[in-house]
Each structure stands twice: as C-alpha cells, then as structure tokens.
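**Student:** Mind having a look at this structure? Questions to follow.
Derivation of every value follows stated rules applied to the coordinates shown; laboratory data play no part. Quick caveat: nothing in here was measured; it's all calculated off a predicted structure. We place every Cβ from the backbone using ideal geometry, glycine too, and count neighbours over all the protein chains shown.
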Amino acid sequence: MPHPIKSRRLYDSKIPANGAKRARHDALRLLGDTIYAARIECTGAIKIGWTSDLCHRLTCLKHTHQSQVELLAVVVGATRQDEALVHASFGDEHREHGREYYRPTPAVLALVNEWRVRVGLPTLAA
C-alpha cells in the first residue's frame, strides 16, 4: 500500500481562515487519489474512504453531517482496491453505520495511528 503524506501542515486543523487556509485546500486537491481517515465530530465515528479530491470530500462530509470533520490520516497514491482491503480487514463489530464509518475501537485506531506514525504525527488515544 502507498505511504501516507509526509506533511504535518496538511493535518493542522487550526490554520487561520485566510490565504493559509486556501493554500491548505489547494494542497489537498493536489494529492490526487488517497485513502483518508476523518473523525465526524457529532458522532465520533471515523470515516475511512477513498477520494481523488480530498478537499471536496471533506467539505461534503462536513455538510452531510452538519458537523466539524477532523482529518486524521491520509495515504496518498492509494487505489479503490486498497480501500476495499482496509474495509475487508474490519468486521461488523467495528462499524458505526454503513460500511465506511467505524467506531474508534482499538483496531481502527491502530490502523489510523500506523498511518500517523509514518509521517511523524502523534498517535491518537484509544
């Protein structure tokens, strides 16, 4: 599987709403095909999915859930087949609702933390 992105800046959710925010959005668009893990604030669920436009996908998730969405990890250069393997690795006991939303179980957080550690980000608490 491809490696996660190597920029901590893309994960920084506290970038001010000015030119720096626009630069972040532009950078996210340039990533291309990615698998992402994002936490939906209102439910605490972790969405793991594939997209070719991460900025657009995060915006859609925010509007769909009427909630803040926190980008937890990204694997750049991933395929839909890579995503299918990730989903197949988790049983129903980890799913929140649907097939791509997961409870923050130790197994789900272990995968997200694996992606985070590869780029030097701190692990998430279980």
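**Student:** Based on other C-beta atoms within 10 Å, arrange THR79, THR51 from fewest to most. Display every interim value, and only then the final one.
**Tutor:** On the way: THR79 13, THR51 21.
Taking fewest neighbouring Cβ atoms as first place, the list is THR79, THR51.
**Student:** Moving on. Sorted by packing (mean other beta-carbon atoms within 10 Å per residue), highest first, where do 37-43, 83-89 land? Spell out each step's value before the answer.
**Tutor:** Values: 37-43: 17.3, 83-89: 14.3.
Highest-to-lowest ranking by the protection proxy: 37-43, 83-89.
**Student:** Order by neighbour count: LYS62, LYS47, fewest other Cβ atoms within 10 Å first, most last. Before the final figure, lay out each step's value.
**Tutor:** Values: LYS62 15, LYS47 22.
Ascending number of Cβ neighbours within 10 Å: LYS62, LYS47.
**Student:** Additional query: In Å, the Kirkwood hydrodynamic radius of region 62-125 over pairs of distinct alpha carbons? Let's see the in-between values first.
**Tutor:** Working: mean 1/r = 0.0765 Å⁻¹.
That comes to 13.1 Å for region 62-125.
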